[in-house]
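Report on the structure given below.
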Ligand code: IVH
């Protein structure tokens, strides 16, 4: 529940974690089925499986390296009925350092268009380490209780929930429909007593209160749940027939008035300094609370701002969990492996003597990059007191939630006399090409491009993965085989397999593992994928930073391959200028640091861009590109680089020559603005431009930068100039911000 979003992991990091989970699940399955001695609690096992599936979802190509994919693929069978949540149950983004919290707040201000000194209050409350539960009341009566499940569908645990003393069966003065959400947990004292009782009676011994709470709530016999002392804190809500209040803190007070328990350490904080002070105060009280918490949750207090901020795919933008520091253990570093990823990144992985950290056996950990090994963070600042990491060292490993283990510290006193500083390879361990590190990039990358077998294979595996081309019968294993035989060097070759090697199917049939049937099925499956959705094509190219969501968004925005290519080409000079500005910013930061002055970032960026004299149409194309929902400059830059790289571009062209690209369908057809082209101009008062655009696109509208014959709606705020005139000339429907909000039902 507290893991890092898999999409924010690099492929190598995710792979390490995935393989680790795969081994653990295999071991647990063996212990369970053959040795009849499960060594993991059900809840822990489920957690491993959930994480495994989440990683698989983000990196479908892992299906080929996972031994347990087929067994884990199906959700755990369960005796509970399923309940779809009327409003999705979300998870939370994580912050680990105070700085992450500052960044969270400044990101919110940027999104909302709030000045640095404008008021922005937060609630801060403990993050309870239990399991979340959604309680549905209709006409004041508890009618349903559901676990979180996968967020969309949970398990019906209504009868069990009724046995929990903190959960009222009836409410007075509640809205007609009210879903109260919160955390079910077990206190330390009750947990100890339960385990002691079970030790005497031969019952199940739970590893921690969270597992005990989960195991107790998910009992098919509600009488067993009744005998387990579960508690409940209310902190959030789902469906409502009318608003409960205007602020988060008032909702909490309403919950109390209705008879729920809310956490006594919930505070309203006016500033981030107050938020952080409360965090540290809760941290100091943590051991004495009598129940487990694993961090502090911050939520924007003003509910109208929460509404404006909305949600990312699984987390609200308006909340974050500030986690407590993780669990630690010492072990021996036996070696360092270098993995080469799809984009050439050389990722060092620590091979550890297996050690238990917070109840989980860890045998490898990410070392991120060469700076990290040398004792520097991504900003060039000293970490671990500057101690480097050497093979043979004793290292301290930590885990925060379910994130992959990291090295926290090195014990210099126990360093073997012969240990030498780790020499990070400057050539690719797979193809021998120079491994180069660009200014501002923390990662060293193999420069071999497609000649590097590691990169080529990773790209191919990615290309055939489930979210990309998903060719039946052509998984990572087969594609690796074809690559090592020299049959397939790049994606385009897949579509030439039949012409080159398929004559009479003889060649393919002669190969191990292929028979008549499978060979012709493969050729048919390949034929089928000559028609491919634009989003899958873009994702399949394996461009750095362009994940599945970005690819879909690009497809929706540009609608055809040609338009995308044209836009990327047109925007190139502006992309180059953006990179120059990034480099100038970096240099300025260094200079400012050494000279002990404030960095003049915006001046320096502006100067770098001005020096390059970017044509206006290139700038417009770039602005359009980075405004694609959720894309942002680093993704756009990497996209632009891929299209500008002659080799890659030629490989794209060779591929696309085999394909018929299918345009995406607009996401929301029943919205009044679906498929419409909208332009915003003038100043908006209730939302920022970015927000207006994101919302319009979510409703299926296309947002353009300038008015043309194709424009359907112009939303003109105060100060609208030439665009409004042009719209009037063209007879384009023009409305103000309020009319627009009324149209999209968000007034
Ligand atoms: S708010 C949309 N508040 O943490 C808001 N969650 O990592 C979603 N949790 O699934 C949740 N204490 O089970 C919230 N005070 C708190 C919480 C809390 C524990 C859990 C909850 C959620 C998970 C997300």
query = Looking at this structure, is residue 224 at pLDDT 95 or above and in a helix (DSSP H, G or I)?
reply = no
ask   = Residues in the range 89-111: is at least one under 19 Å from residue 248 (Cα atoms), in a loop (DSSP other than H, G, I, E, B), out of contact with any strand residue (DSSP E or B) (no Cβ under 8 Å at 6 or more places or on another chain) and within 12 Å of the ligand (Cβ to nearest atom)?
value = yes
Residue check, residue 274 touching a strand residue (DSSP E or B) at 6+ places or on another chain (Cβ under 6 Å) and surrounded by fewer than 18 Cβ atoms within 10 Å (Cβ to Cβ) = no
Residue tally, condition part of a helix (DSSP H, G or I), touching a residue at least 12 places away in the same chain (Cβ under 8 Å) and surrounded by fewer than 19 Cβ atoms within 10 Å (Cβ to Cβ), over the range 725-737 = 2
note = Checked against (1) surrounded by 14 or more Cβ atoms within 10 Å (Cβ to Cβ); (2) part of a loop (DSSP other than H, G, I, E, B); (3) within 16 Å of the ligand (Cβ to nearest atom); (4) within 23 Å of the chain's Cα centre (by Cα), residue 299 satisfies every condition except (2)
key: Failed item, numbered, when residue 307 is tested on (1) assigned to a helix (DSSP H, G or I); (2) farther than 26 Å from residue 88 by Cβ   = (2)
ask   = Is there a residue in the range 448-461 that is in a loop (DSSP other than H, G, I, E, B) and crowded, with 19+ Cβ neighbours inside 10 Å?
value = yes
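For (1) without any contact (Cβ under 8 Å) to a residue 60 or more places away in the chain; (2) in a strand (DSSP E or B); (3) more than 13 Å from residue 556 (Cα to Cα), each residue gets a yes or a no:
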{"residue": "664", "(1), (2), (3)": "no, no, no"}
{"residue": "672", "(1), (2), (3)": "no, no, yes"}
{"residue": "675", "(1), (2), (3)": "yes, no, no"}
{"residue": "679", "(1), (2), (3)": "yes, yes, yes"}
{"residue": "687", "(1), (2), (3)": "no, no, yes"}
{"residue": "690", "(1), (2), (3)": "no, no, yes"}
{"residue": "695", "(1), (2), (3)": "no, no, yes"}
{"residue": "700", "(1), (2), (3)": "yes, no, no"}
query = Assuming residue 334 fulfils every condition listed in (1) buried (at least 16 other Cβ atoms within 10 Å of the Cβ); (2) more than 15 Å from the ligand (Cβ to nearest atom); (3) part of a strand (DSSP E or B) apart from one, which condition is it?
reply = (1)
Members of the range 644-656 found to be assigned to a helix (DSSP H, G or I) and surrounded by fewer than 20 Cβ atoms within 10 Å (Cβ to Cβ), listed by number = 644, 646, 647, 648, 649, 650, 653, 654, 656
ask   = Does the range 360-367 contain any residue that is without any contact (Cβ under 8 Å) to a residue 24 or more places away in the chain and either touching a helix residue (DSSP H, G or I) at 6+ places or on another chain (Cβ under 6 Å) or within 13 Å of residue 406 (Cα to Cα) (or both)?
value = no
Residue within the range 186-206 that is under 31 Å from the mean Cα position of the chain (by Cα) and farther than 20 Å from residue 90 by Cα present = yes
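Residue-by-condition table, conditions (1) within 11 Å of the ligand (Cβ to nearest atom); (2) surrounded by 20 or more Cβ atoms within 10 Å (Cβ to Cβ); (3) at pLDDT 95 or above:
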{"position": "235", "(1), (2), (3)": "yes, yes, yes"}
{"position": "238", "(1), (2), (3)": "yes, no, yes"}
{"position": "241", "(1), (2), (3)": "no, no, yes"}
{"position": "250", "(1), (2), (3)": "no, no, yes"}
{"position": "253", "(1), (2), (3)": "no, no, yes"}
{"position": "260", "(1), (2), (3)": "no, yes, yes"}
{"position": "266", "(1), (2), (3)": "yes, yes, yes"}
{"position": "278", "(1), (2), (3)": "no, yes, yes"}
{"position": "283", "(1), (2), (3)": "no, no, no"}
inquiry  = Here's a check for you: in the range 303-331, which residue that is under 23 Å from the mean Cα position of the chain (by Cα) and at pLDDT below 85 is nearest to the ligand (Cβ to nearest atom)?
reply    = 314
task = For residues that are crowded, with 24+ Cβ neighbours inside 10 Å and not in a loop (DSSP other than H, G, I, E, B), scanning just the range 126-142, find the one that is farthest from the ligand (Cβ to nearest atom).
result = 135
ask   = Could you say whether any residue in the range 154-167 is surrounded by fewer than 24 Cβ atoms within 10 Å (Cβ to Cβ), modelled with pLDDT under 95, assigned to a strand (DSSP E or B) and away from the ligand (no atom under 12 Å from the Cβ)?
value = yes
query = Regarding residue 80, is this residue within 16 Å of the ligand (Cβ to nearest atom), surrounded by 13 or more Cβ atoms within 10 Å (Cβ to Cβ), at pLDDT below 90 and over 23 Å from residue 470 (Cα atoms)?
reply = no
ask   = Does residue 174 satisfy the condition of being in contact with a helix residue (DSSP H, G or I) (Cβ under 9 Å, 6 or more places away or on another chain), closer than 17 Å to residue 315 by Cα and buried (at least 16 other Cβ atoms within 10 Å of the Cβ)?
value = no
task = Report yes if some residue within the range 529-540 is in a helix (DSSP H, G or I) and more than 30 Å from residue 620 (Cα to Cα); otherwise report no.
result = no
message = For the range 182-209: of the residues being in contact with a helix residue (DSSP H, G or I) (Cβ under 8 Å, 6 or more places away or on another chain) and part of a loop (DSSP other than H, G, I, E, B), which is farthest from the ligand (Cβ to nearest atom)?
response = 203
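The values are calculated or read from the model by the stated rules, or taken from the named source; none is laboratory data. Computed from a predicted model, the values in this text were never measured in an experiment. Cβ atoms come from the backbone with ideal geometry, glycine included; neighbour counts cover every protein chain shown.
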